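Please read the structure below before turning to the comments.
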Amino acid sequence: MRRRVLLLSLLLSPLSACNDAIPNHSTPNALLPTVALADRMAYVEQNSHTAFLLDPASKTLVPRMVSVGKAPVAAVKRNGQNQLLVLSQGDPGSAQITPVAAELEEIDADASVAPVTYTLASRFNGLAQSPDGRFVLLYHGSSAQNSGESPLFNPNELAIVDLTLPPSVATQSTVSNPYAKSIRSLGGVPTGVVFSPSFTFASTPRILAVILAENYVTIVDMNNPDRTEITVPLSTDSNSTLSPAQVLFDTVNPNIYVLAYGSDDIFQISLTDLGAAAPAPPSNDFRVSLSILAAGTSPSDMALYSTGGSTRLAVLAPGSQTLAIIDPSTSSTTSIATSIPANQMVVFNTSSPSAPDQSEQQALLVDVSSGSTSVLFADLQSIETAGNLALVSYPLGASATSVVPLLDQGIVVLMYSQYSANALSVVDLAKRELSPIGAGSGLQGSVIDSTAPSRLWSIDSGAQYGLCYLNLVARTGQASLSTGEIWLDQNITNIIPLGQASSDGHRYLAVEQDDANKVGNVTLVDADNPDRTSARTAYGFLLTNYLERGQP
């Protein structure tokens, strides 16, 4: 394995003349979690407010450095784009310090594309983005004052950013970008945000944001942020505590479904297009109505599927050990008992043993909380007529702790406790076959590379410099469920698969290793042809131009 040491970048930096203004460089790097872009990694250092983009195809492995806003608190990959989004809180200032505005920075992996900075009016710490990466909604993650926050702030204030448009101020015909918005509160603060796929109202596409809060949700039209938000209470009982946990969207029969911990019901929010009868802005051109759907005791997961041209809602309720199939158009419910307290389901479409020549809606039902050692397959399209006959139980080698669907490859991975002799099972959905995989010394830090054909990567817990892999599906020249291991020179701490090939044609696995001083220590392994001899290590790259940076 070839090692590249980048500490020379520190030594070769020009030195400023000695004076009292020289910054203190003894402060160690403070890093946000590593962000995997499509073909490279991004590291955001908080003290110097600098983003480091490391391209595995680079011959020198010297990172590109981009300045970001002061006090960065969140960094994520923009959905659908090879770009980094960095949210910074800025500095409220003091008598001696000039205030610095909060910012959202958009940094393209292509260095020829200039970064875009959106200046924010408030110091947010929560960031959510639409599935297509067009909209970003910024919010205060809790009512508690955050580091760097102003003494007074409104925990229900939002900022809406349209990343397809440049920063702008409001005009007579357009709203500002970002758009500052305060939503009404029913005693809570935002706990999360879920974006819808595209609905159609007044013949125009709409993305809705559903903002979660204790006992209610708030609906915001992202395409028209200046329109009034819609607040939907989930309970009129002042003593209840309902925590919205899952939101589903039906764009064909415009509905939103909300599952809330603390309730035995599912909340159906129907959306009606007002068309020509819509009131003038800032009122909305759609209205909502709330219905309650009984779903069993303590529902934990739900899924929408289509059957015979109609929509059905499947709900798992482990408290009553039932699977409910609900027709939302009539509120008719078919409830059947399950032999395990299943609390997660994976809905898929494939042929079933009862109809091998016909594709049908099915589900895999799994218990990841109560220690069950079996799973259930359900023929969803038969439940309303066949009842429990539509369920078939299959044994597991141990109790599952997590479920990873890879539906594009026809499998589901069930992970077991790291203390189990069995590490996982790979479920072939079409064949209904479960293949258990053992682990001699236990696995740590397991990561599933979702890029087909998928592999599971893990750290050998017996020797933490061992990088193990399992082929979850067949590859050219390699059978499905075959394994391998390569040995690196230092203890492994994190494994990050990149989704696309770099400019040299190779797709990489970033293997982070012991780095107590946070100077940057990552080994780059070919994700498709892992081999020690071709791996390269970038060490010390976070010290690039260290003396030129304004460390505090």
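Where a number appears in this text, it was derived from the coordinates with a stated rule and is not lab data. This is a predicted model, so every value here is computed, not measured. Note that we place each Cβ from the backbone using ideal geometry, even for glycine, and neighbour counts take in every protein chain shown.
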Problem - Semi-axis lengths, Å, the stretch 306-390, gyration tensor of Cα atoms, sqrt of 5 times eigenvalues - result: 20, 16, 10
Handout entry: Among (1) 41, 36, 20; (2) 50, 26, 20; (3) 72, 25, 22, the entry that matches semi-axes √(5λ) of the Cα gyration tensor in Å as calculated here
Key = (1)
Practice task
Among Asn156, Ser461, Pro405, flag the residue with its Cα farthest along the positive direction of the charge dipole of the chain, charges on Cβ as +1 for Lys/Arg and -1 for Asp/Glu.
Solution key: Ser461
Fill in the blank from the handout: Summing +1 per Lys or Arg and -1 per Asp or Glu among the other residues with Cβ less than 15 Å from Leu304's Cβ gives -2
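Dipole size in debye (nearest 20) for the stretch 49-134 around its Cα centre, Lys and Arg Cβ +1, Asp and Glu Cβ -1?
So the dipole magnitude of the stretch 49-134 works out to roughly 120 debye.
Would you count, across the chain, every pair of lysines whose alpha carbons are under 24 angstrom apart, provided the pair is eight or more residues apart or spans two chains?
Close lysine pairs found across the chain: 4.
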Completion exercise
Here FRET efficiency (C-beta to C-beta, Arg227 to Ala95, R₀ 41 Å, nearest 0.05) is 0.50
Practice task
Can you check what the net charge comes to around Leu429, using other residues whose Cβ is under 13 Å from the Cβ of Leu429 (Lys, Arg +1; Asp, Glu -1)?
Solution key: -3
Problem - Contour excess over end-to-end distance, with Cα ends at Ser270 and Thr200 and 0.36 nm allotted per residue - result: 23.8 nm
Problem - Packing-based ranking, highest mean first, of 280-289, 502-511 given that Cβ atoms within 10 Å are counted - result: 502-511, 280-289
Problem - Cα centre as origin, Lys/Arg/Asp/Glu Cβ charges: the stretch 343-449 dipole, Debye - result: 300
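Is it possible to state the helix-based mean residue ellipticity at 222 nm for the chain, with each DSSP H run of 4+ residues giving -39500 (n - 2.57), the sum divided by total residues, to the nearest 500 deg cm²/dmol? What is it?
-500 deg cm²/dmol
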